[in-house]
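This report refers to the structure that appears directly beneath it.
Every number in this text was worked out from the coordinates using simple rules, so none of it is lab data. As the structure is a prediction and not an experimental result, all values here were calculated from the model. For neighbour counting, all protein chains shown are included, and Cβ atoms are generated from backbone atoms with ideal geometry for every residue, glycine included.
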Amino acid sequence: MKIRVEAEVRPTEDEDKVKAAVLNIITPSNITFEEREGRRLLIAEASSPEALEKLRWRLRLRQILDTARAVMSSSSSGDRVIFYLHKQAAFMGVVTFCTFEEESPLGAIKVEISGANADDVIDWLAPPTFKGKPIFEREPPR
C-alpha cells in the first residue's frame, strides 16, 4: 500500500500550519516540500495502513462514515482511492470532505491511497453503517 498526501502551501500560509493540518489526519513516514509549476507543495508519504489511523478515528468521532464511504467510493477504482479534505478544517482536527480541490479556499489536501484493493480500503476506513453504527470492522488492508 502506498499513501501520498499533497497540500499546497500558499504564499500567505505558514508552512508549519499546513504541516500540522496534514499531521492531524495522517502519520507519515516521510514529509518533503517541493516546487512544482510555481507552487510549493507539502508531500507526505507512508506505506502502512496504520498511517491512516487518525483519519479512521476522526471519521468515527464525527460519525460521518456514510458520507466518507460515498465520497471515497465515487473517486475510487481498482487499486486507487483519491479524495480531498478541507485544509483549514484539518488544521483544527476536523475531517471535512471537498468534492474537488478548488472547493477549499486555501486549497485542499489531496489523499491518494494506491496498491491495495479500493473496496478493502474503503471498508476499513469507512464501513457501511446501520443506524449510525458500523455493520462490521475490517482488518487493515495490506
Distance between modelled label sites at residue 47 and residue 61, nm, 7 Å Cα→Cβ extension: 2.9 nm
Residue among 33, 83, 91 with the largest mean-square fluctuation in a Gaussian network model of the chain, springs linking Cα atoms under 10 Å: 33
Dipole magnitude of the range 12-142, debye to nearest 20 (Cβ charges: Lys/Arg +1, Asp/Glu -1, about Cα centre): 520 debye
Theoretical FRET efficiency, 1/(1+(r/R0)^6), r = Cβ-Cβ of residue 29 and residue 131, R0 41 Å, to 0.05: 0.65
Candidates 47, 104, 77, ranked by Gaussian network fluctuation over the chain, Cα under 10 Å, top entry: 77
Calculated Cα extents along the principal axes in Å (choose from [x] 42, 40, 21; [y] 44, 27, 22; [z] 82, 25, 24), label: [y]
Residue with peak Gaussian network fluctuation, the chain [Cα springs, cutoff 10 Å], from 80, 58, 36: 36
Contact order normalised by residue count of the range 1-81, Cα under 8 Å, 6+ apart, percent: 31 percent
